[in-house]
Amino acid sequence: MSRYKTKGVYFRDGVAYIRYQDERGVDVRESTKQRSAKVAEDILAKRKTEVATRTHFPTRAFDAVTFAELADYWWQAHGSKTRSQFDYLYPRVLEHFGEKRAREVTPDVVDAFLEHLATERKLSASSVNHHRTIVNGIFNFAVKRGRFDRNPVAAVRQRPEPPGRDRIVSPAEFRMLWDKADGDRECVRSWRSPERRRCGRARSSRCGGNASISRTRRTRRWSARRPDISATFRFPSRS
């Protein structure tokens, strides 16, 4: 039986114990490992203060954090300032997870969301991975800034993407492209730009030839060197 009159302090086998409620209202009993009632009273007051300020249980301090809070913090401080064009994908992510607490966003929940995008919305693997990147970035940013304690997306793998279709064009394909663009003013203007003319004169001077290289000779040289213009033009893959 307790022999001390302060509420929340009692003794057992001569050792002082304290009793208090955490932020969820659950009773917590803790041994002070002391025999002094005054020390137990001080520890009890400290625990009550820690519960009130949510500092005694650091992992539980994030239980009330919502995904929308983390997402808004990420968007204002980082997402809206990047060049990754997240602005058209971010609303979809926020619509799906916005009503959830951050604790409820588990790896299984994230994986189910990505599967929904792939099967129901018929999005490509690349687009699905972009959505994963946003959710992953939100949690990573929150963890680094001390707003959350873990990133559930780290356990979710990216979807495999098909190999790229870019390739180097053949000389015949480049000649066909050149013939088609022969009357294009933009193409001619680009070809006659001062930078390209200076480059042509310098190359001609190094080779000991005439500075005024004809269009035919330019085309022949370019075709022989098989320039990689696949970043601008795409041709059907050869089987």
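Give me the Debye-computed log₁₀ of I(q)/I(0) at q = 0.15 Å⁻¹ for the stretch 95-174, equal point scatterers on Cα only, no solvent, two decimals.
-0.59
Please tell me which of these pairs span more than 24 angstrom C-alpha to C-alpha: 7/48; 46/100; 5/46; 81/144; 122/144; 7/46?
The answer is 46/100; 122/144.
Once the other residues with Cβ under 11 Å from the Cβ of residue 129 are scored (Lys, Arg +1; Asp, Glu -1), what is the net sum?
+2
For the stretch 9-57, just the Cα set please: Rg and Dmax, both in angstrom.
10.8, 32
All of the numbers you see were taken from the coordinates with simple rules; none came from a lab. The structure displayed is predicted, hence computed values, not measured ones. Heads up, the Cβs are rebuilt from the backbone with ideal geometry, glycines too, and the neighbour counts pull from every protein chain shown.
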